[in-house]
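Readers should treat all values here as calculations from the given coordinates under stated rules, not as data from a laboratory. In this text, all values refer to a predicted model and were calculated from it rather than measured experimentally. With ideal geometry, Cβ positions are generated from the backbone for all residues, glycine too; neighbour counts draw on all protein chains shown.
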Amino acid sequence: MNDNYLLKTQNKEFLKFKRNPEIFKSLLKNVSKIDSFNIMEKILIGEKNASIEITLILSPSCSHCNKAYEDALELKNKFIDKIAINILFNVNPNNKDNQYISIIKNLLQLNKSNCKDIVIALTDWHIKKLSKENWLLKWEQHQIDDNIYQIMNNHYQWCLENNFNYTPVKILNNKLFPNEYNLSEVKYFLTELEEKAEFA
């Protein structure tokens with residue numbers, strides 16, 4: 001038995017283990033304060049009543065958030081009738097030194113006023129990686145509603161209450177997504193995830 005064959009066999013067994021729905025289900029963790037989470041205003045991409053909800057808690061300055069957004073969007077586009085994405089931001093709105101607050105304010109305003117463009121704006125930032133200056137040149141809103149600050153603060157306070165002091169945070173159907181998996185692997189559990197009772 002050569003090393004290459006052994007490696008392939010071990011890899012096959014590992015993937016079989018990893019893609020076992022019961023293993024995946026056992027690694028999903030509860031998220032506290034879920035009631036306040038469910039009533040918060042978020043950016044929604046997709047159908048509100050989709051059977052599978054991927055929530056991303058992002059920061060515009062986080063490079064790992066780019067990959068999380070790209071993976072989630074790819075899944076949503078592939079399984080368009082089954083998956084929706086919610087987006088929140090974990091950034092302190094009172095930190096005047098944070099140069100990326102303007103990105104969040106404009107994304108939230110854009111979401112309120114012109115939902116059809118929000119995916120393009122997010123993609124320009126997280127996938128195309130436009131500079132802050134070029135992004136604002138394209139997407140800056142002339143007026144920011146008074147309640148945008150409150151939405152940002154609600155997001156930030158909820159993250160504090162849950163000890164989410166990092167980004168990205170990935171939540172799947174109100175359960176904390178396990179670090180042992182990549183978002184792209186959700187496709188292996190679609191049948192189980194659609195049966196919401198199994199993961200409630």
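Quick notes on this structure:
- Charge dipole magnitude, Cβ of K and R +1, D and E -1 - segment 26-183, Cα centre, debye nearest 20: 200
- [x] 16.6, 52; [y] 15.8, 47; [z] 18.4, 68, with the label sought being that of the calculated Rg and Dmax of the Cα atoms in Å: [z]
- Think of the chain as having a plus end and a minus end, set by charges on the Cβ of Lys, Arg, Asp and Glu; of F189, L44, I54, F189 sits farthest toward the positive end of this dipole.
- Cα-based helix-to-principal-axis angle, 101-113 vs the chain, degrees rounded to 10: 90
- Net length available on complete extension from S51 to N30 is 5.8 nm, with 0.36 nm assigned per residue and the Cα-Cα distance removed.
- Helix 63-78 axis, angle to the chain major axis (alpha carbon atoms, nearest 10°): 70
- W158 sits among other residues whose Cβ lies under 13 Å from its own Cβ, and their net charge, with Lys and Arg +1 and Asp and Glu -1, is -1.
- Using the Cβ-Cβ distance between N165 and I127 with R0 = 25 Å, the FRET efficiency computed as 1/(1 + (r/R0)^6) comes to roughly 0.50.
- For segment 23-133, the relative contact order comes to 29 percent (Cα pairs under 8 Å, sequence separation of at least 6).
- Multiplying the residue separation of Y100 and Q157 by 0.36 nm and removing their Cα-Cα distance gives an extension gain of 18.7 nm.
- Packing here is the average count of other Cβ atoms within 10 Å per residue, and on that basis the peptides 124-133, 76-85, 25-34, highest first, run 76-85, 124-133, 25-34.
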